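The values are calculated or read from the model by the stated rules, or taken from the named source; none is laboratory data. Just so it is clear, the structure is predicted and the values come from calculations on it, not from any experiment. Here the Cβ is made from the backbone with ideal geometry for all residues, glycine too, and neighbour counts use every protein chain on show.
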Amino acid sequence: MDELNDLARLEREALSALQTATEQASLDAWFGRYLGRKGAVTLAVRRVGSLPKEDRPAYGQAVNQLRKRLEAALAQQGETIKEAALAAEMETGAFDPTLPGRLPNVGRVHLSNRTLREIYDIFRQLGFQIYDAPEVESDEYNFELLNIPAGHPARDMWDTFYTTTPGYLLRTQTSPGQIWAMREYAPEPIRVILPGKCYRYEQVTARSEMMFHQVEGLVVGENITMADLKGTIVAFVRQMFGQERKLRFRFSHFPFTEPSVEVDMDCILCGGKGCRVCKYTGWLEIMGAGMVHPTVLRNAGYDPEHYSGFAFGMGPERIAMMKHGIDDIRYFFSNDVRFLSQF
Ligand code: DAH
């Protein structure tokens, strides 16, 4: 069959033409001449229709294989050209393999979460479990069961986001988690921390955000006293801020604890001498705490005649601010990478 000889000639011609192509533009031209829509190989494929029936299979197979070989040769020649170009670049010094590599962007854990994890680690060592409670709460859990009845002036301590469903709100504090935990475990003893987001309908300032985190702590059992509260908080603060820290417990008021205290730590910046950060008092307030109010224990299923407990609540953003000397809480959630990437 003459046509098969034509194919062999075509292949020889194409391969020798390919050898002379030493840049991408001539490869493209070569492709058009042989493999493109009007290329010689494409025309040769079409020729199959004009052959006598018995010759068609052999010819078809031959021309297909020819096309495959030429495609492979083209790819190979492309590689050769690229390697030659790279070698030439190395030769002239245009490519410097000793330059430092390009670093990929590496993400990091947000400072709030990092601080939360530090807090978890410390309380884990003290035998606390983490308990997860809802962010959308009922008025009953966020206030009533915590001994804050409707109309009680103590409600003014929490400016609240209400939902369109009557009786439901965004929790203003993690304290309602105490009720969830106690109702699940009563009358067993419990030792939990309740971390999570809280929401307050407040003017956003350097000291207050509409959304922030709290970590609540709760211990309930027999013979739990104020000494347990103090020991636990001292152990936590010294692990978090350093063994030399001094603490001060001031009497205060929260509706769900009796007695209630606020806990101050000597200012880590000035060591208690007085500076801008501690407003020249020498002390930084780090949390509220107290002995769980008997009414709250009863509401959650514990008999206050037999059980007692203590609770505390702190803001991890505030903890991080003290630890890292950050003077504005708005940095945490405004998502400026220049701030976030420092931690
Ligand atoms: N829930 C309080 C607040 O958001 C903080 C608090 C104070 C929590 C005393 C407690 C506590 O558990 O005992 O202001």
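Which one is farthest from the chain's Cα centre (by Cα) among residues in the range 288-306 that are surrounded by 22 or more Cβ atoms within 10 Å (Cβ to Cβ) and more than 10 Å from the ligand (Cβ to nearest atom)?
Top of the filtered list is Tyr302.
Name the residue that is farthest from the chain's Cα centre (by Cα), counting only residues in the range 214-230 that are within 11 Å of the ligand (Cβ to nearest atom) and either assigned to a strand (DSSP E or B) or not assigned by TED's automatic domain parsing to the domain that holds Leu247 (or both).
Looking at residues that are within 11 Å of the ligand (Cβ to nearest atom) and either assigned to a strand (DSSP E or B) or not assigned by TED's automatic domain parsing to the domain that holds Leu247 (or both), I get Val219.
Restrict the check to the range 183-205 and report whether at least one residue is surrounded by 14 or more Cβ atoms within 10 Å (Cβ to Cβ), within 12 Å of the ligand (Cβ to nearest atom) and aromatic (Phe, Trp, Tyr).
Looking for residues that are surrounded by 14 or more Cβ atoms within 10 Å (Cβ to Cβ), within 12 Å of the ligand (Cβ to nearest atom) and aromatic (Phe, Trp, Tyr), one finds at least one in the range 183-205, hence yes.
Just checking, does the range 322-336 include any residue being more than 16 Å from the ligand (Cβ to nearest atom), in contact (Cβ under 8 Å) with a residue 60 or more places away in the chain, loosely packed, with under 14 Cβ neighbours inside 10 Å and assigned to a helix (DSSP H, G or I)?
yes
Any idea which residue in the range 304-313 is farthest from Lys197 (Cα to Cα), counting only those that are out of contact with any helix residue (DSSP H, G or I) (no Cβ under 8 Å at 6 or more places or on another chain) and touching a residue at least 12 places away in the same chain (Cβ under 8 Å)?
His306
Taking the options Leu146, Leu126, name whichever one is in contact with a helix residue (DSSP H, G or I) (Cβ under 8 Å, 6 or more places away or on another chain), assigned by TED's automatic domain parsing to the domain that holds Met210 and surrounded by fewer than 20 Cβ atoms within 10 Å (Cβ to Cβ).
After ruling out the rest, the residue left standing is Leu126.
From the set of residues in the range 256-287 that are modelled with pLDDT of 90 or more, β-branched (Val, Ile, Thr) and under 18 Å from Arg207 (Cβ atoms), which is nearest to the ligand (Cβ to nearest atom)?
Val263
On the basis of being buried (at least 16 other Cβ atoms within 10 Å of the Cβ), under 13 Å from Ala14 (Cβ atoms) and free of Cβ contacts under 8 Å to residues at least 12 places away in the same chain, does Gly39 make the cut? First the steps, then the outcome.
Working: buried (at least 16 other Cβ atoms within 10 Å of the Cβ): yes; under 13 Å from Ala14 (Cβ atoms): yes; free of Cβ contacts under 8 Å to residues at least 12 places away in the same chain: yes.
Here the answer is yes, as Gly39 does meet what is asked.
Out of (1) under 32 Å from the mean Cα position of the chain (by Cα); (2) surrounded by fewer than 17 Cβ atoms within 10 Å (Cβ to Cβ), what's the single condition that is false for Cys278?
(2)
Across the range 149-179, which residue is surrounded by the fewest Cβ atoms within 10 Å (Cβ to Cβ) among those that are touching a residue at least 60 places away in the same chain (Cβ under 8 Å) and either within 12 Å of the ligand (Cβ to nearest atom) or not in a loop (DSSP other than H, G, I, E, B) (or both)?
Ala154
For the range 116-148, give me each residue that is within 16 Å of the ligand (Cβ to nearest atom) and at positive phi.
If the condition is that a residue be within 16 Å of the ligand (Cβ to nearest atom) and at positive phi, then Asn147 is the only one that fits.
What residue, of Glu89, Glu118, is over 33 Å from the mean Cα position of the chain (by Cα) and in a helix (DSSP H, G or I)?
Exactly one of Glu89, Glu118 is over 33 Å from the mean Cα position of the chain (by Cα) and in a helix (DSSP H, G or I), namely Glu89.
Would you please name the residue that is farthest from Ala289 (Cα to Cα), looking only at residues in the range 248-274 that are under 33 Å from the mean Cα position of the chain (by Cα) and part of a strand (DSSP E or B)?
Asp266
With respect to Asn64, determine if the residue is closer than 30 Å to Gly196 by Cβ and not assigned by TED's automatic domain parsing to the domain that holds Arg330.
For Asn64, the condition - closer than 30 Å to Gly196 by Cβ and not assigned by TED's automatic domain parsing to the domain that holds Arg330 - is not met.
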